[in-house]
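Each value in this text was obtained by applying a stated rule to the coordinates, not by laboratory testing. It should be emphasised that the depicted structure is a prediction, and the values quoted were computed from it without experimental measurement. Here the Cβ positions follow ideal geometry from the backbone for every residue, glycine too, while neighbour counts run over all protein chains shown.
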Amino acid sequence: MKVVIVFHSVTGNGHLLARKFRDELQQPGTEVALLRVPDPLWKEMPDLSSVARDNLRAMRDLPEATSQALTDAELIIMGAPTYFGNVSAPMKAFMDSTGGLWVKGLLAGKRFAAFTSAGNAEGGGDLCLQALHTYAKYMGMLSVPLPVTAVPGVNTPALGVVHYSAGKSAETLDTGTARIISGFSSFLRGCYGSGH
């Protein structure tokens, strides 16, 4: 299976989520590519914390996402920070840049999953996930929901993983979010392998 994880992150929280998905999905027979959406504002952020600056340096070393990378994948996972209940402008620009794929139906039938980072529980993370899934549906992709059984005893939104950052850059993921990604990744592997 070929998996492409496309993400945008400003302070690194989305990068942590993307890396956790990569680490969970990487196994024999699975090729996982971690790709970043370019952000022209990265150069204009002098007030970042030291953690965010370290995350930014690590993200800059990753290859940039391209339309071609999406066409090569069987499973596409996309993540963006939540901005006013939607995806960030750089992620929206990337999604818009793939319009040629829509015209040709080149993403039709591919599986799709999503994640986001939001400042708080009322930050609109569920709306951001919905925007990502709306993009996937217009492209003809098959949305893979996060089942309530992915992590027993933990309530999760059906549309994907929401990480609540409290407005701070993190060096590591909290154990709850890590468990959710682990459970969702296991479900994605099983879902894809069973032909659903």
Subject >> Within the stretch 81-105, tally of residues that are farther than 24 Å from Asn13 by Cα, surrounded by fewer than 17 Cβ atoms within 10 Å (Cβ to Cβ) and among the aliphatic types (A, V, I, L, M) >> reply: 1
Original post:
What are the residues in the stretch 133-150 that are crowded, with 20+ Cβ neighbours inside 10 Å and not aromatic (Phe, Trp, Tyr), if any?
Top reply: His133, Ala136, Met139, Met141, Val144, Leu146, Ala150
